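These notes are about the structure you will find just below.
Values quoted throughout were computed directly from the atomic coordinates according to the rules given, and no laboratory measurement underlies them. All of these numbers come straight from a predicted model, not from anything done at the bench. Here Cβ is always computed from backbone atoms with ideal geometry, including for glycine, and neighbour counts include all displayed protein chains.
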Amino acid sequence: MTASSAQVRFGAEGVAQVASFVHLTGHSYIGCFTYDDQAPVLAIKDQHIDVSITAADRSQVTDEDLLMARVLAEAVAEYVAELERRATAATRERTADPGNAGGRQRDGPINEGGRLELVPPAAPGFSPVTGKEEVTMLCVAW
């Protein structure tokens, strides 16, 4: 198992960049903290890495904040779907018919090595369209 880690990189112009690699395990913590008068905070902690995600101005939530939360939720949904696909494939491999070469079965097209990047519109004042199935809060406490 690979441990979570963080790196600080310094560019030629002295600008520092922090890169965190969180490898979630049963010991990781994921939680959402809500407040009456401030935007919520999504927290992820594993070993020595702490990540907090919240609105740019916690005193007021904007359409852009909501849009970015939806982008985050879509990326998490894609992450979960890929983990489920891989777990299902691994289970099939373990229980495959010995006559099946390699033991792998595929249900449909798979984007090998693909990566989903969700980029919100850059237009100022963008107002996302919402419907009945709007995701208003995603909180997981582990």
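Residue-wise test of (1) within 21 Å of M68 (Cβ to Cβ); (2) touching a Ser or Thr at 6+ places or on another chain (Cβ under 8 Å); (3) of a type in the set (K, R); (4) loosely packed, with under 14 Cβ neighbours inside 10 Å.
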site	(1), (2), (3), (4)
T2	no, no, no, yes
G14	no, no, no, yes
Q17	yes, no, no, yes
V22	yes, yes, no, no
C32	yes, no, no, no
D36	no, no, no, yes
L42	yes, yes, no, no
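Among all residue pairs at least 6 apart or on different chains, which show Cβ distances below 7 Å where the first residue, located in segment 37-58, is more than 25 Å from S4 (Cβ to Cβ) and the second is of a type in the set (G, A, S) and surrounded by fewer than 17 Cβ atoms within 10 Å (Cβ to Cβ)?
As it stands, the answer is Q38/S59, since those pairs meet every condition given.
Filter segment 58-85 down to the residues that are among the aliphatic types (A, V, I, L, M) and either outside any helix (DSSP H, G or I) or in contact with a Pro (Cβ under 8 Å, 6 or more places away or on another chain) (or both) and list them by number.
Within segment 58-85, V61, L66, L67, M68, V71 meet the criteria.
Hey, among the residues in segment 44-57 that are loosely packed, with under 13 Cβ neighbours inside 10 Å and part of a loop (DSSP other than H, G, I, E, B), which one's farthest from the chain's Cα centre (by Cα)?
The selected residue is D57.
Out of all the residues in segment 1-39, which are outside any strand (DSSP E or B) and either under 30 Å from Q60 (Cα atoms) or in contact with a Leu (Cβ under 8 Å, 6 or more places away or on another chain) (or both)?
Answer for segment 1-39, where residues must be outside any strand (DSSP E or B) and either under 30 Å from Q60 (Cα atoms) or in contact with a Leu (Cβ under 8 Å, 6 or more places away or on another chain) (or both): V15, V22, S28, T34, Y35, D36, D37, Q38, A39.
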